[in-house]
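Nothing in this text is a laboratory measurement; each read-out follows from the coordinates by a stated rule. Worth saying up front: this structure is predicted, and the values here are computed from it rather than measured. Methodologically, a virtual Cβ is constructed for each residue, glycine included, from the backbone with ideal geometry; neighbour enumeration extends over all protein chains shown.
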Amino acid sequence: MHIETARPTRASRKARRTPGERLLEALRELAQGKASVSRHSEKNWASITFAGTRHRVDMLFEGDEAVEAGECFIAFLPEHEFAIPGQLVADAAITEVDSVLHPPQLRVRCELLMLEES
């Protein structure tokens with residue numbers, strides 16, 4: 001007997017992404033698609049009134065055009081308004097930057113606090 005199962009649609013796969021995955025996608029978009037995520041860690045966070053996750057993300061921008069996008073990323077991240085369903089990015093900061101002139105590279109570490117919206 002052969003049972004055929006429905007394949008998940010693109011919309012259903014997109015809906016099942018975690019908030020952390022959505023955050024990484026938003027960071028890549030803010031980086032104009034010119035960066036790769038070299039490291040991501042996520043840790044639960046809570047206070048008396050809020051619950052969420054703290055994220056540390058290392059991004060690599062390689063090449064002249066990418067480094068320029070990285071400089072914009074550094075400038076815009078702290079004030080960027082994220083649109084992640086059910087989540088609020090309460091804090092976003094650049095915590096480390098390292099650059100190399102030849103070949104042009106920019107390594108950026110950022111830390112973000114995402115709170116669950118109630």
Hydrodynamic radius by Kirkwood, which averages 1/r over all alpha carbon pairs of the stretch 29-109, in angstrom: 13.8
Extension gain from E79 to R28, taking 0.36 nm per residue of separation minus the Cα-Cα distance: 16.8 nm
Crossing angle, helix 64-76 versus the chain [Cα axis fit, 0-90 degrees, rounded to tens]: 80
Listed residues Q87, L112, L60: farthest to the positive end of the dipole of the chain (Cβ charges): Q87
Exposure rule at most 13 other beta-carbon atoms within 10 Å, DSSP loop GluC sites (Glu not before Pro): the chain longest free segment: 5-80
0 to 90° range, to nearest 10: angle between helix 19-30 axis and the chain longest Cα axis: 40
